[in-house]
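Everything below concerns the one structure shown next.
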Amino acid sequence: MVATDKQQASPLWTTTTSEVRLTGTWREAKPDYHVAPSPCHGACPVQGDIASWIQQVSRSEYYGAWLTLMENNPFPAIAGRICHHPCETACNRQQLDETVGICSLERFVGDMALTQSWALPAIKQDDDCSVAIVGGGPAGLSCAYQLRRRGFKVALYEARDQLGGLMRYGIPSYRLDRAILDAEIERIIDLGIDLHLEVELQDQAALKRLHKEYDAVYLATGASQSKNLPMLDYQQPWVLDSAAFLAAMSHGQNMLLGERILVIGGGSAAIDTARSARRLGKAVTILALEPEHLLPAQTIEVTEALEEGVEFVCGAMMQSTQVKDKGVQLHCVKVDFSAGAERGEFAIDVLTGSEFNLVADTVIPAIGQQVDMDRWAGLLAADQGLAQTDQGWQTSCRGIFAGGDMASMDRFVTHAVGMGKQAAQAISHYLRPHTEVAQVKTEKPVGFEAINSYYYPISKRQKQKQTELETRLDGFSEVQQALSDHGAMIEAGRCFSCGTCTYCDNCFYHCPDMAITKLATSEIDGSPNRAQSGPSRGIGYSIKSDYCKGCGLCVAECPTGSIIMREDTGCSTKQESCS
Amino acid sequence: MELIDYQDDGHFFSGHVACAGCVEALALRVILNTVGSDAMAVVAPSCSAVICGGYPASALKIPVFHTTLESAAASASGVKRGLVAQGKTETTVVALAGDGGTYDIGLQALSSAAERNEDILYICFDNEGYMNTGGQKSSSTPKSAVTGSTPAGKETSKKNMVEILAAHRIPYIATTSPGDLNDMAAKVEKAKAIRGTKVIIVLIPCLAGWGVVDDGAVKTARLAVDSGVFPLLEVFGGHDYVLNKTTKNQPINDYLKQQKRYRHMSVEQIASLQAEVDEQWQRIQKRVEVSSGFEA
Ligand SMILES: Cc1cc2nc3c(=O)[nH]c(=O)nc-3n(C[C@H](O)[C@H](O)[C@H](O)COP(=O)(O)OP(=O)(O)OC[C@H]3O[C@@H](n4cnc5c(N)ncnc54)[C@H](O)[C@@H]3O)c2cc1C
Ligand SMILES: Cc1ncc(C[n+]2csc(CCOP(=O)(O)OP(=O)(O)O)c2C)c(N)n1
Ligand code: SF4
Ligand code: SF4
Ligand code: SF4
Ligand SMILES: [Mg+2]
């Protein structure tokens, strides 16, 4: 006698199944599926949906992953190379072993899009409103991209003969290959941007004209003026501005004199100047106020500079110079450095009796850039040397928005990209108040305690290979090498997918009361661990109020923190669901 | 991440009266769905009997016979022989019993069924005490654990059921836990295909009896395995040992901390229990070393 369905259950002795008992009435709390922000998302300057696109990578849905990335950032291949990746600093996985290599995965997807020549979806509708963008750096390009995707007419004005801003005239090609830079910019221009190269907006009158001609203006002209050291005479032939040097380098032009180069500063610009000079065969010393561990440049940059033979003299400053027969002598002194509350703020104490000398043929100060706000005086208000903007990046002049280095001290490419995106949302809302609603995730990010780490065996981060030291100094080709396909797959698998359900079915299978329903199932299973013949996976779940006893096992066994227990008032029979 | 890979075909119904968060119900779900529809169950008085039954309703799709506490193995043998007499040789007969019904009161029946190598799949839900009657000690209760009848902690050690069964040289003995549902399903699947007496002991951290939080039994089961308190193993033919999880990487402290029944323990008592666990681990290692490496 073999029973095959409920009706036939044990017909000899029992008359019904246990389902007649609604054990859900025992419950005090009820699980609730929710999508919560991950800590990496919270830290990402472009507010990327990191958990989502990494999941797509781990399911080998590379094109989908790229589209998810492109929602917030048109430069995944660029960001994957040079982003300072605050997302990784925030990553939950570091509490288990090491942070997820988000940046290297982003590069992996970004590069794949370029090698496969993936195209963006066609722009759905065209809008009559037009926006002028001034400045073709990452902020301006990001804003242009986001506005064009929304159908607006976009005109881009750039002073130089090529686009990219400091991505081209600052960051050297050994960190960002020019073919990559060109290709990611071209993809934006191909969306149909009205391009005006070599047009420099001279003054506020020119800006006013644009304001009249277009429905809105976005200003992203960067921070173009070098800050000057008072004790250095910039008229001397042996003093060279780092911005000018790097810009010339990007055209293959060498402006260096002599063999001994002294770079002053500890940020990205100083390191890039030093490493470029090393590639020209020079002996290079960096003189920085900060002690080595507090240098504002990224740690990887400092490490690679050291590997390449750049000398660092940290925690010291130059006081005066003296021209000698064989070069310039710099009189220096050691200092006690303490960082201030805000980025860029600091205090120093000169250590008496610590005087020493350095000798160089060329001195290159690289101590930071400031914004030329005088140019817009009378039209735009300034605030502490930056363009004054409100929360929606609108300047003191209605209809003119600003962002990037000129409006913020967050001087990084992805911050510029994020600001460009936010400004595009604000401009879109300004032009079409009823269509654009800014989406902000207000929920608290998912913490490590919500992740069931049992499901993630210890696994070391996949490291990107570097070009061998011996060949690095021979030219300007890239130092960091991409992850292999296999490495990317492993790295993507390390992501906890904090707050984003992966449809793993763990909640379904761990319920002792069969109180979870799969809303729909998918026969297609991208998971690499999956047996070919396994059960079909859920794509969305709901809780059966009649039987859920509120034990919380589903929550405890969720590997991604995508379910939380909420108090159950008992009056609702509504099914909580996630799909 | 390894995904759970057994198929739930609805062989175990909602509305059963297990406590909220009970992993004995969770284990029943895995076992019944893996055993499938060509099966009959025999259940001895225990939590599982309460979960399965509650006249006139059943939580099981397959027929289930409620027997006495002494006789799960004997009743299962009888049911199997009856089926064979009817020509239904393929039908799996699964006996469900607690540790009281296995280590103590039903041991005689189990020993003789094993000696005859009856073709049954015997599942022991080992919650280390007589739990549905309020939590008295059994011979499976570990040293130092507090139960209703050992208020100061049990003085003697847990009986080693795997070794007793191995001495019967039955084809298959395994331990499993709700901390790894794939392991559980795989072992049931394996046992199903073997003829003769198969015994699977499932560790069941009991929420009420052990003092574990409602959502903590799966985690507790994992800690029992990771600390070596409850090693996941298989014994083939009573001789060949296979250790399924070969690392023991946690001190027992983390495991003990999950449970109120161990709360009173002194540092010395913990050290003594740890020594017992270490000694057991080494003994198993030696058995594994001398095994022929045979696996079904
Ligand atoms: C050497 C160096 C290395 C760096 N390395 C990194 C790094 O590794 N990672 C990172 O995240 N950030 C790095 N940065 C910082 C980063 O490059 C900048 O924060 C970012 O480029 C700022 O973007 P933006 O669009 O605001 O300005 P910019 O990139 O400066 O672009 C401004 C654009 O506006 C144009 N423009 C200016 N004035 C006018 C005008 N009047 N009319 C028309 N066009 C005008 C300029 O020609 C330029 O193209 C580095 C900076 C430097 C200098
Ligand atoms: C001979 C006999 N003595 C006592 C009982 C009462 N009784 C029913 S279930 C049970 C406890 C069984 O303990 P265990 O087998 O460990 O199952 P658990 O309740 O822990 O699941 C007892 C003592 C009985 N049914 N038969
Ligand atoms: S584990 Fe993944 S989702 Fe979570 S913080 Fe790290 S990268 Fe983001
Ligand atoms: S595991 Fe099941 S019974 Fe427990 S809270 Fe989740 S849905 Fe409810
Ligand atoms: S357990 Fe898996 S399927 Fe369930 S909510 Fe969490 S991630 Fe999604
Ligand atoms: Mg028991």
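The values are calculated or read from the model by the stated rules, or taken from the named source; none is laboratory data. Please read these numbers as outputs of a predicted model, since none were measured by experiment. Cβ coordinates were reconstructed from backbone atoms using ideal geometry, including for glycine residues, and neighbour counts include every protein chain displayed.
Key figures for this structure:
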| read-out | value |
| --- | --- |
| Candidate set from segment A:46-67 (those that are touching a Cys at 6+ places or on another chain (Cβ under 8 Å) and either of a type in the set (G, A, S) or more than 10 Å from ligand 3 (Cβ to nearest atom) (or both)); member that is farthest from A:S542 (Cα to Cα) | A:G48 |
| Residue within segment A:515-523 that is more than 16 Å from ligand 6 (Cβ to nearest atom), modelled with pLDDT of 95 or more and buried (at least 17 other Cβ atoms within 10 Å of the Cβ) present | yes |
| Test set (1) away from chain B (no Cβ under 14 Å); (2) crowded, with 22+ Cβ neighbours inside 10 Å; (3) among the basic types (K, R) - A:K444 fails condition number | (2) |
| Matching residues in segment B:165-194 - criterion: being aliphatic (A, V, I, L, M), in contact (Cβ under 8 Å) with a residue 24 or more places away in the chain and not in a loop (DSSP other than H, G, I, E, B) | B:L165, B:A166, B:I173, B:A174, B:L181, B:M184, B:A185, B:V188, B:A191 |
| For A:Q462: the one exception among (1) within 30 Å of A:R275 (Cα to Cα); (2) buried (at least 17 other Cβ atoms within 10 Å of the Cβ); (3) away from ligand 3 (no atom under 16 Å from the Cβ); (4) touching a residue at least 24 places away in the same chain (Cβ under 8 Å) | (3) |
| Segment B:18-54, subset at the interface with chain A (Cβ under 7 Å from one of its Cβ atoms) and hydrophobic (A, V, I, L, M, F, W, C), residue surrounded by the fewest Cβ atoms within 10 Å (Cβ to Cβ) | B:A20 |
| Hey, B:T133 more than 16 Å from ligand 5 (Cβ to nearest atom) and in contact (Cβ under 8 Å) with a residue 24 or more places away in the chain or not | no |
| Breaking point among (1) in contact with a helix residue (DSSP H, G or I) (Cβ under 7 Å, 6 or more places away or on another chain); (2) assigned by TED's automatic domain parsing to the domain that holds A:A387; (3) free of Cβ contacts under 8 Å to residues at least 60 places away in the same chain, for A:V284 | (2) |
| Counted residues, segment B:212-232 - those being outside any loop (DSSP other than H, G, I, E, B), closer than 9 Å to B:Y255 by Cβ and of a type in the set (G, A, S) | 1 |
| Identity of the residue in segment B:104-118, out of contact with any helix residue (DSSP H, G or I) (no Cβ under 6 Å at 6 or more places or on another chain) and within 16 Å of ligand 6 (Cβ to nearest atom), that ends up farthest from the other protein chains (Cβ to nearest Cβ) | B:L107 |
| Single unsatisfied condition, B:D214 versus (1) out of contact with any Asp or Glu (no Cβ under 8 Å at 6 or more places or on another chain); (2) more than 14 Å from chain A (Cβ to nearest Cβ) | (2) |
| Subset of segment A:546-572 [more than 11 Å from every other protein chain (Cβ to nearest Cβ) and either within 16 Å of ligand 2 (Cβ to nearest atom) or farther than 21 Å from A:P37 by Cα (or both)] | A:E567, A:D568, A:T569, A:G570, A:C571, A:S572 |
| Qualifying positions in segment B:62-102 - basic (K, R) and either at positive phi or more than 13 Å from chain A (Cβ to nearest Cβ) (or both) | B:K80, B:R81 |
| Residue that is surrounded by the fewest Cβ atoms within 10 Å (Cβ to Cβ) [pool: residues in segment B:119-138 that are more than 10 Å from ligand 6 (Cβ to nearest atom) and of a type in the set (A, V, I, L, M)] | B:L121 |
| Unique residue being out of contact with any Lys or Arg (no Cβ under 7 Å at 6 or more places or on another chain) and either of a type in the set (S, T, N, Q) or in the same structural domain as A:Q464 (by TED's automatic domain parsing) (or both) when the list is A:S268, A:S250 | A:S268 |
| Filter result (in contact with a strand residue (DSSP E or B) (Cβ under 7 Å, 6 or more places away or on another chain), more than 16 Å from ligand 3 (Cβ to nearest atom) and not acidic (D, E)) within segment A:496-512 | A:C507, A:F508 |
| Among (1) within 20 Å of the chain's Cα centre (by Cα); (2) more than 24 Å from A:Y547 (Cα to Cα); (3) facing chain A (nearest Cβ under 7 Å) - the single one B:A59 does not satisfy | (2) |
| Identity of the residue in segment B:25-53, in contact with a Gly (Cβ under 9 Å, 6 or more places away or on another chain) and within 16 Å of ligand 6 (Cβ to nearest atom), that ends up nearest to B:N182 (Cα to Cα) | B:S48 |
| Qualifying residue in segment A:182-201 (condition: crowded, with 20+ Cβ neighbours inside 10 Å, closer than 13 Å to A:S250 by Cα and in contact with a Leu (Cβ under 6 Å, 6 or more places away or on another chain)) | no |
| Residue list for segment B:249-261, restricted to those being over 21 Å from the mean Cα position of the chain (by Cα) and either crowded, with 22+ Cβ neighbours inside 10 Å or in a loop (DSSP other than H, G, I, E, B) (or both) | B:N249, B:Q250, B:P251 |
| Residue in segment A:122-130 that is without any contact (Cβ under 8 Å) to a residue 12 or more places away in the chain, on the phi < 0 side of the Ramachandran plot and outside any helix (DSSP H, G or I) present | yes |
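Here is a yes/no grid of residues against (1) modelled with pLDDT under 95; (2) buried (at least 21 other Cβ atoms within 10 Å of the Cβ); (3) not small (G, A, S):
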position	(1), (2), (3)
B:S157	no, no, no
B:M161	no, yes, yes
B:I164	no, no, yes
B:A167	no, no, no
B:A174	no, yes, no
B:M184	no, yes, yes
B:K187	no, yes, yes
